[in-house]
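The values are calculated or read from the model by the stated rules, or taken from the named source; none is laboratory data. This is a predicted model, so every value here is computed, not measured. Positions of Cβ are generated from backbone atoms using ideal geometry, with glycine treated the same way; all protein chains shown enter the neighbour counts.
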Amino acid sequence: MNFNELPMLKKSLSGEEYLSLRCVGCPLSCCGCRHGDVVVCSNKLIPEQDVIDYIVGHSSSIVSIGGGEPTVQPGVSEFLDRLKGAGKRIMISTSGMSRKAIVDIDDLVNHYYLDYKTVLPKYQYTTGIRKVIGIDVMENLINIDRSKLTAIIRANRRLHKDSDIIGMVEELKYFKVDRCVAIPHLGNSIDPSVTADKAYKKGELEFMLSKFPFVEVASRSEYEA
């Protein structure tokens, strides 16, 4: 796998510490991407072994891996297997763009945070590629064990209409996803037009999604997957 930084220690809402690791590179080009510094990386990569040694030697038992897109990284199964062998619990933040990639690593992953980008018919436009990856996302929604899945919606008016937000939640309900977190998207994106002033307010999302009990609305400071 490719990295240009060591993991950062973070703390969950429950106060539990975890290591947050971002891998370099992603085949998508989403205009709302918040991690341009690792998706398009000009920094020198660091040795994978240095990352493994750091994680294995750290007292935290939880590792959250995002990016970039971790599931399609070279050597991802071997990397996760080494962390699992060291007794670490593994959380993966993913676009869900590849069903095969998820199948290959599923036995090694404790939980997935699926970055649900838009309603399925619009996926190829939002992600900036011609391939209709909404089909792969749909298959992952069907097949991932529900106890291991949280869908994340990052809401911004530059990226979504109100009907898109409702449509995304309706799709998740249809696929029997029982946990979703909706978060105002505050910008800091590759596309400078995706700005904090276009983010949905927490109260707006709470009102809009109040009839969906499986959806939790959180501010960016309250929740970070």
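Is one or more of the residues making up the range 62-84 of a type outside the set (Ser, Thr, Tyr), under 18 Å from Ile135 (Cα atoms) and touching a Cys at 6+ places or on another chain (Cβ under 7 Å)? Walk me through how you get there before you give the answer.
Let us first name the residues in the range 62-84 that are of a type outside the set (Ser, Thr, Tyr), namely 62-63, 65-70, 72-76, 78-84.
Of the ones still in play, those that are also under 18 Å from Ile135 (Cα atoms) are 69, 72.
Retained after the next criterion (residues that are touching a Cys at 6+ places or on another chain (Cβ under 7 Å)): 69.
Yes, there is a match, as at least one residue in the range 62-84 is of a type outside the set (Ser, Thr, Tyr), under 18 Å from Ile135 (Cα atoms) and touching a Cys at 6+ places or on another chain (Cβ under 7 Å).
Please indicate, with yes or no, whether at least one residue in the range 41-51 is touching a Pro at 6+ places or on another chain (Cβ under 9 Å) and at pLDDT 95 or above. Even if it seems obvious, please write down each step before you answer.
Of the residues in the range 41-51, the ones touching a Pro at 6+ places or on another chain (Cβ under 9 Å) are 51.
Subset that is at pLDDT 95 or above: 51.
Yes.
Quick check on this structure: which one of Ser77, Ser147 is assigned to a helix (DSSP H, G or I), closer than 30 Å to Gln49 by Cβ and without any contact (Cβ under 8 Å) to a residue 40 or more places away in the chain? Quick ask: steps written out before the conclusion?
Numbers: Ser147 fails: closer than 30 Å to Gln49 by Cβ.
Criteria check complete, one pass: Ser77.
Would you mind finding the one in Ile129, Ile135 that is part of a loop (DSSP other than H, G, I, E, B), over 25 Å from Lys211 (Cβ atoms) and of a type in the set (A, V, I, L, M, F, W, C)? Outline the logic, then answer.
On the way: Ile135 fails: part of a loop (DSSP other than H, G, I, E, B).
Going through Ile129, Ile135 in turn, just one is part of a loop (DSSP other than H, G, I, E, B), over 25 Å from Lys211 (Cβ atoms) and of a type in the set (A, V, I, L, M, F, W, C): Ile129.
List the number of the failed condition for Gly96; all other conditions in (1) assigned to a loop (DSSP other than H, G, I, E, B); (2) under 20 Å from Cys26 (Cβ atoms); (3) over 16 Å from the mean Cα position of the chain (by Cα) hold.
So Gly96 meets the others, but not (3).
Pairs under 6 Å by beta carbon, first residue farther than 14 Å from Leu205 by Cα in the range 151-172, partner acidic (Asp, Glu) and at pLDDT 95 or above, six or more apart or different chains?
Listed pairs, sorted by first residue: none to list.
Sort through Glu216, Glu222 and tell me the only one that's out of contact with any helix residue (DSSP H, G or I) (no Cβ under 8 Å at 6 or more places or on another chain) and either modelled with pLDDT of 90 or more or assigned to a strand (DSSP E or B) (or both). Spell out the reasoning first.
Working: Glu222 fails: either modelled with pLDDT of 90 or more or assigned to a strand (DSSP E or B) (or both).
After applying the criteria, what remains is Glu216.
Only one of these is on the phi > 0 side of the Ramachandran plot, in contact (Cβ under 8 Å) with a residue 40 or more places away in the chain and out of contact with any Leu (no Cβ under 7 Å at 6 or more places or on another chain): Gly96, Gly87, Gly68. Name it.
Working: Gly96 fails: out of contact with any Leu (no Cβ under 7 Å at 6 or more places or on another chain); Gly87 fails: in contact (Cβ under 8 Å) with a residue 40 or more places away in the chain.
Step by step, each of Gly96, Gly87, Gly68 is checked, and only Gly68 is on the phi > 0 side of the Ramachandran plot, in contact (Cβ under 8 Å) with a residue 40 or more places away in the chain and out of contact with any Leu (no Cβ under 7 Å at 6 or more places or on another chain).
Condition (residue is under 30 Å from Ile165 (Cα atoms) and in contact with a Cys (Cβ under 6 Å, 6 or more places away or on another chain)) applied to the range 110-119: is it met by at least one residue?
Step one: filter the range 110-119 for residues under 30 Å from Ile165 (Cα atoms), giving 110-119.
From what is left, the residues that are in contact with a Cys (Cβ under 6 Å, 6 or more places away or on another chain) are none.
Scanning the range 110-119, I find no residue that is under 30 Å from Ile165 (Cα atoms) and in contact with a Cys (Cβ under 6 Å, 6 or more places away or on another chain), so the answer is no.
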